[in-house]
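For reference, the structure discussed in these notes is given below.
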Amino acid sequence: SGKTLAYVCPLLASLGTLEPRLIREDGTRALVMVPTRELAAQVLRSAEELARAYHWVVCGAVVGGENKQKEKARLRKGVVLLVATPGRLLDHLRNTESFKAEFLKWLVLDEADRLLDLGFEEDLNAILAEIDKRAGNAGRCTALLSATLTKGTSRLMDLAMTDPVTVEVDPEEVDVVKSSEETRSGGTTSANATIRDGDAEKSNGDEEAKEKVIARMPEQLRHTAVSVPAKARLATLAGLLAGWMRGSVPKVMVFLSSCESVEFHYKVLSWLAGEKETTEKETTPRPPSSYAVFRLHGVLSQSDRRAVYAGFAKAKAGVLLCTDVGARGLDFENVGATVQVDPPSDPETYVHRVGRAARLGADGEAVIFLAPRETEYAQVLSELGVKFGAASVPAMLDVLETGLGDDEANG
């Protein structure tokens, strides 16, 4: 959606044209908070590329898992535009005396709702208190950005902003559907509320129904829901990936519910892809893999996460198995499809997951596996604007059957 450019470009234009010219010794003037290390690295890279025209606007980052002493050294020299994750930022605000934020004038909260989902609300409260104590809030510009604006975002707006104005990209009127407060699928809340300036939705405990704005997604993104028993999901996933990796889709992101599940699928799919050595029991060697399998989750070390991010970004063909660490903000080129082996707990996460494909006008596939007892979840998504093709499920099963048969023929 161009969300990063939407705030980085105005920030650099403002910072780069200030008179007298900024000096890094004055400290941080603009602060961008993001929920994950990978997103911080991506935002920093974009900022550094765009800041080449303003070489005096020094960009930097502080994130969990990195060397804290090196970060302190950079802060001591001065970082004009700082990208940070909440935990490490709060640590430096409290314990790094050389961290200057007295002249902070711009604060950006990217993927605002995710900051709350990951349990950073207490840290955000403390960070805002520290910033207000140092720089005050008079004259400070605060921006919250997210592909989905939720009740959590509204709470953060109340916390961080005064008289906010909501700007919506592609702001044409959209239809709304009335839905009761009760959940449709195992306690899942199917809310995707967009807040508009002047007519923000009011929470009222006496209301039996609330308006929910239909989720917008790229028209070229094709959605498919496949009813698959849990015991057949691994085989189905393997066949689907094998078919795509023959050339129709160069890169795929696969979402799983836990770190343990990612590790299990990584071992199996790496072996099937030919990345592992042939065992003594195998009589026919498997052919060399034409694609790579990667995995990304929160338990990996920071160095491993950086290597995975760089490896998948550079790969011509590959599969990235990940938890929702990979669902927000990450931008990989040529991702043609997403597969949700485990359905998300809420529709907003579905929107973010499928948003990794069909970027910048490209075509894309979004496949979600549902157990027979979970098929009502597809109806919940349909009511929020997700259009599942009626004839796509049988066609998908035919592709899987053909792909698995070919793999067996090849040994």
Original post:
For Arg222, which sequence-distant residues (separation of 5 or more, or a different chain) have an amide H within less than 5 Å of its own amide H, given hydrogens modelled in the peptide plane?
Top reply: Gly364, Glu365, Ala366
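Taking 0.36 nm per residue of separation and subtracting the Cα-Cα distance, what length does fully extending Ser14 through Val299 add? Kindly include the intermediate steps, with their values, before the conclusion.
Numbers: separation 285, 0.36 × 285 = 102.60 nm, distance 3.82 nm.
Length gained between Ser14 and Val299: 98.8 nm.
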Subject >> Kirkwood-type radius of the range 3-164, with distances r between different C-alpha atoms, in Å >> reply: 15.7 Å
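If each residue of separation counts as 0.36 nm, what is the full-extension length gain between Thr375 and Glu121 once their alpha-carbon separation is subtracted?
Working: separation 254, 0.36 × 254 = 91.44 nm, distance 3.35 nm.
Between Thr375 and Glu121, full extension yields an extra 88.1 nm.
Set the bar at 23 Å for Cα to Cα. Now go through Lys77/Lys105; Lys72/Lys100; Lys3/Lys133 and name every pair that lies beyond it.
Details: Lys77/Lys105 19 Å; Lys72/Lys100 11 Å; Lys3/Lys133 29 Å.
Listed pairs above 23 Å: Lys3/Lys133.
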Subject >> Karplus 3J(HN,Hα) series, Hz, for the range 140-150 with 6.51 cos²θ - 1.76 cosθ + 1.60 (x for Gly, Pro) >> reply: 8, 9, 10, 10, 10, 10, 6, 6, 10, 9, 10
Subject >> Karplus-derived 3J(HN,Hα), 6.51/-1.76/1.60, for each residue of the range 44-60, Hz, glycine and proline x >> reply: 4, 4, 5, 5, 5, 5, 6, 7, 4, 6, 10, 5, 7, 8, 7, 9, x
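Rounded to two decimals, what is the ratio between the C-alpha radius of gyration of the range 30-74 and 2.2 N^0.38 Å?
Working: Rg = 11.1 Å, N = 45, 2.2 N^0.38 = 9.3 Å.
So the Cα radius of gyration is 1.18 times the expected 2.2 N^0.38 Å.
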Original post:
Tell me, what ³J(HN,Hα) does each residue in the range 349-355 have, in order and in whole Hz, if you take phi through Karplus 6.51 cos²θ - 1.76 cosθ + 1.60 with θ = phi - 60° and put x for Gly and Pro?
Top reply: 5, 4, 4, 5, 4, 5, x
Original post:
Can you list residues whose amide H is under 5 Å from Gln340's amide H, if they're 5+ apart or on another chain and H is modeled 1.01 Å from N?
Top reply: Phe255, Val367, Ile368, Phe369
**OP:** Hey, can you grab everything whose amide H is under 5 Å from the amide H of Leu296? Only 5+ residues off in sequence or another chain; H modelled, so Pro and N-termini drop out.
**Re:** Leu321, Cys322, Thr323
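Rule-based calculations on the coordinates, nothing more; no lab input. Computed from a prediction, not measured in an experiment: that's the story for all the values here.
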